[in-house]
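Asks: Could you have a look at this structure, given as structure tokens, before my questions?
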């Protein structure tokens, strides 16, 4: 996957997270998780863009580590929403799958950069 395709995917992920959190029911619990998911889900793409501008391999690896953490955290918040029965699993499954795929892509990119560096 090339850099531009991953930029597009991470931005689409952020937009999907925005739409999803706007559909969550209004309750104290969902409000807390909504803020957390909105922050982590939208930061995946922002941090990936920063990684694309890295000044060194070590800087790239560090920034991609943040991308990995934010995508994984997003998956965590979505799991909580499902397990707390705030949303139906089928409503969040495609978004959770994409978060997990972004984690896998990021881990692979970090591994490749470490082997080159």
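Every read-out reported here was derived from the displayed coordinates using simple, explicitly stated rules and does not represent laboratory data. All figures in this text were calculated on a predicted structure; none of them were measured in a lab. Note that we place each Cβ from the backbone using ideal geometry, even for glycine, and neighbour counts take in every protein chain shown.
Asks: In degrees between 0 and 90, to the nearest 10, how far off the longest principal axis of the chain does helix 57-83 point, with axes built from Cα atoms?
Replies: Long axis of 57-83 versus the principal axis of the chain: about 20 degrees.
Asks: Could you work out the relative contact order of the chain, using alpha carbon pairs under 8 angstrom and six or more residues apart, expressed as a whole percent?
Replies: Rounded, it is 28 percent for the chain.
Asks: Quote to one decimal, in nm, the extra length available between residue 97 and residue 113 on full extension: 0.36 nm per residue of separation minus the C-alpha distance between them.
Replies: 3.3 nm
Asks: Shifting gears a bit: Taking 25 Å as R0, compute the FRET efficiency from the Cβ-Cβ separation of residue 85 and residue 18 and round it to 0.05.
Replies: Calculated transfer efficiency: 0.65.
Asks: Okay, moving on. Roughly what angle does helix 28-52 make with the longest principal axis of the chain, taking Cα atoms, 0 to 90 degrees, to the nearest 10?
Replies: Rounded to the nearest ten degrees, it is 20.
Asks: If you compute semi-axes √(5λ) of the Cα gyration tensor in Å for the structure shown, which of [x] 28, 17, 11; [y] 28, 12, 12; [z] 28, 24, 11 do you land on?
Replies: [y]
Asks: Where does helix 3-23 land angle-wise versus the long Cα axis of the chain, in degrees 0 to 90, nearest 10?
Replies: For helix 3-23, the angle is close to 10 degrees.
Asks: Sticking with this structure for a sec: State, to one decimal in nm, how far the label point of residue 7 lies from the label point of residue 27, with both points 7 Å from Cα in the Cβ direction.
Replies: About 4.1 nm separates the two model spin labels.
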